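Have a look at this one.
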Amino acid sequence: MRAVAWSGDGRRLAALGISGTTLIWDLDQGTVVGEIPSLPGETIALDWHPTADLIALGGVEGDLWIWDVAAGTVVRELERQAERVRVVTWNPAGSRFLSGDAGGTVRIWDATEYQPLLTIQDGDAEDQFRTAAWNPDGSLVATGGENQLVRVWDVASGAELRTLRGHRSAILAIAWSPDGRTIASGAGDFTARLWNADGSERAVLRGHTSFVYTVAWNPDGRTLLSGGDDGTVRFWDVGTAVELRQLRGFVGGVIHARFSDDGASILTVSREPLLRIWDAATGLELRDLQGGLGRVFRVAWSPDGATMLTVSAADGRVRIRDAQTGVELRQWAIEGESIYSAAWSRDGSALALGTIQGRLRIWSFAVDDWILDQETAGGWLYTVAWSPDGSRVATGGSSGRLQIWNVADGSEFAGWSGADEDIFSIDWSPDGSRLLTGSSDRYARVRTVADGALVSEVEHRLIVYGVAWSPDGALVASASGDSTLRIWRPESGEVVQVLEGHAGFVRALAWSPSGDRLLSGSDDMTARIWDVARGRELGRIRDDLGAVYTVAWHPSRDEVATGGENGSVQIWQADTDMLIGEIERRVCQVYEDDAIRQFVPEWRGCAQIQPTATN
């Protein structure tokens, strides 16, 4: 999710996905009621007019558009900006709107004739602009970016009135208090800050363990919420600067949040699950708006490679499909619960399922029924993993507790609590004596199963989303939001390779059965295959429809599977030459030779491409 904007009456939401398509949600019904397709140049920013059904859109190539929601079309196309558009935002009256590009050029536009009225320069291409917000009466604008400054500008004259200094990293969010006397900011230094109208710093709000992406005021001005990459929303008493409580369990971080106009509820936007509504007083979840999105959270081949398991966000179900034809063979749903994680037992005789309600379920194919229904430490179960001998299952999630369960009777074999951090991934060593975990505190760790003793750990710069043990147990790999993968020795924590190249969070990884290659999936809409010994990229798969959340390697063939934001599962050849051929075949299914030669002049022609039976 790139950006969101609420309609003036607060009853609809425009949500811009990574693919560039914007969905219009009816928040009362929890359904999608409209769509804005990705416009030429790719949409990356938007805002809804406060009183009219108009949405301002900004593009990666500097384009600016005005979209009429009722008519379903672009009604204005404005002068192109020099750099990608970071922000578009209407003033409270809807008479003007602001655009800001990555080069630091901020323009104020007349909302009747759509002509520029004022240009402000905040930063440059090296010191990129990030965010802006109007004050309640529309007379002032606050801006922020990579220069670590919050600047306040007079809209009438363009004069810089104040410069707020204190953050030690990029400014990512700004919001004015309802009375216009206080500015809240969030930054990459893991803090939110409050500033007085005269520019003095009022308070530093500490508690987040990663970037703070969003800040929002309660309409009464007494409570501020902040959301960040650490997967939490935190409530702060503005008067005392004390943290009141948290909402947890947001995979991949919270990128937007706001109070309803009456302050009774909160809407949060995160990468997984996307849209949720909460009771502001109790912190209880009221609604999860996932229907129709169809994202694939998990994909895994059965041990014999004949079937494939998928977990979908659209309905929280697990499905088993024929791996060759894609035909659905059966599915599982749990009344009143939503399945988030799933894993095959090593012999394929059972499935372990984890729900967002914190329950572990095990299905036996032998008896064709559930054989375990176990309540865990609570919170979302992001990950479940079978021991090599199939006698135990390890679980981890938003509770921060790593637990091991005996499958025979459901008793807890062992459990350890860390620093109250979310556990996103677990894998057993091939001999079953150690566990590898990845968590939101930026660490991947190896622990002994017998007593939970820490054997080794490796620190990333951001959340560790995926971990996996090599087939021979000699190496482990971890994937992180810092866009890297690290290959290291489990006994010592010695890093032997850092794999760099992804341009977004790396969400998933999988070893080849031979252990000489590694597969990774990322928010940058690619899956990549890496040479483990040399630490270099061998090939990549680009999915232009969205982020890659899950990857898997076939247990006996050189094929890989990817799934993610676009809701589909795709199977690819993993051999580099075969992969290139497969990509060429898919291009030829969509484009003619003349169109391809506009980008690849030496193109040999689709007639020369050999057909394949692979999906």
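For the range 77-122 and the range 362-439, what is the centre-to-centre distance using only Cα atoms, to the nearest Å?
51
Let me ask something additional. Averaged per residue, what accessible surface does the chain expose to a 1.4 Å probe, in Å²?
39
Out of these labelled values of log10 I(q)/I(0) by the Debye sum over Cα atoms at q = 0.05, 0.10, 0.12 Å⁻¹, (1) -0.30, -1.15, -1.45; (2) -0.23, -0.92, -1.27; (3) -0.31, -0.96, -1.21, which was calculated from the coordinates shown here?
The value computed from this structure is option (2).
What does the convex hull of the Cα atoms come to per residue for the range 381-536, in Å³?
99
Sort Glu79, Glu559, Glu42, Glu602 by heavy-atom solvent-accessible area, probe 1.4 angstrom, most to least.
Glu602, Glu79, Glu42, Glu559
How large is the convex hull of the Cα atoms of the range 332-376 per residue, expressed in Å³ as a whole number?
67
Counting C-alpha atoms alone, how compact is the range 444-547: give Rg to one decimal and Dmax as a whole number, in angstrom.
Considering the range 444-547 through its Cα atoms, Rg and Dmax are 13.5, 45 Å.
Helix-derived [θ] at 222 nm for the chain: sum -39500 (n - 2.57) over DSSP H runs of at least 4, divide by residue count, nearest 500?
-1000 deg cm²/dmol
Further, regarding this structure: Highest mean first, how do 384-397, 80-93 rank when packing is the count of other Cβ atoms within 10 Å averaged over residues?
So the peptides 384-397, 80-93, ranked by packing, come out 384-397, 80-93.
Additional query: Take the Cα atoms of the range 313-438, find their three principal axes, and give me the spread along each one in whole Å, biggest first.
43, 31, 26
Within the range 197-269, what whole-number % of the accessible surface is contributed by carbon and sulfur, with the 1.4 Å probe and all protein chains included in the calculation?
Ligands and nucleic acids excluded, carbon and sulfur reach 48 percent.
Quick one: ranking Arg76, Arg245, Arg11 by accessible area, 1.4 Å probe, largest first, what do you get?
My answer, sorted largest first, is Arg11, Arg76, Arg245.
Next up: What is the P(r) of the range 512-556, as percent of Cα-Cα pairs per 10 Å bin from 0?
28, 51, 20, 0
Find the relative contact order for the range 145-254 and round it to a whole percent, using C-alpha pairs within less than 8 Å whose residues are 6+ positions apart.
17
Cβ neighbours within 10 Å, averaged per peptide: list 327-340, 520-533 in order, most packed at the top.
520-533, 327-340
So which trypsin sites (Lys or Arg not before Pro) in the range 458-507 end up in coil per DSSP with only 13 or fewer other C-beta atoms within 10 Å?
Arg461
Subtracting the Cα-Cα distance from 0.36 nm times the residue separation, let me have the gained length for Asp261 to Asp389 in nm, one decimal.
40.6 nm
On the protein heavy atoms, probe 1.4 angstrom, tell me the percent of accessible surface of the range 340-486 carried by carbon and sulfur.
Within the range 340-486, the accessible surface is 44 percent carbon and sulfur.
Can you give the accessible area of Asp237 in Å² (nearest 10), computed on protein heavy atoms with a 1.4 Å probe?
Surface accessible to solvent at Asp237 totals approximately 50 Å².
Continuing with this model, one more query. Any idea what angle helix 576-590 forms with the longest principal axis of the chain, computed on alpha-carbon atoms, 0 to 90 degrees, nearest 10?
So the helix axis and the longest Cα principal axis differ by about 50 degrees.
Another question, if that's okay. Highest first, please rank the peptides 199-209, 474-484 by the mean number of other Cβ atoms sitting within 10 Å of their residues.
For the peptides 199-209, 474-484, the packing ranking is 474-484, 199-209.
With the Cα gyration tensor of the range 13-155 in hand, convert its eigenvalues to equivalent ellipsoid semi-axes via √(5λ) and list them largest first in whole Å.
Taking √(5λ) for each Cα gyration eigenvalue gives 24, 17, 14 Å.
With the dipole of the range 362-447 worked out from charges on the C-beta (+1 for Lys and Arg, -1 for Asp and Glu) around the Cα centre, which of Ala444, Val393, Pro430 lies farthest toward the positive end?
The listed residue farthest towards the positive side: Ala444.
What percent do you get for the relative contact order of the chain when only Cα pairs under 8 Å and 6+ apart count?
5
The values are calculated or read from the model by the stated rules, or taken from the named source; none is laboratory data. These numbers come from a predicted model, not from an experiment. Positions of Cβ are generated from backbone atoms using ideal geometry, with glycine treated the same way; all protein chains shown enter the neighbour counts. For accessibility, only protein heavy atoms count, side chains too; no ligands or nucleic acids. Shrake-Rupley method; radii C 1.70, N 1.55, O 1.52, S 1.80 Å.
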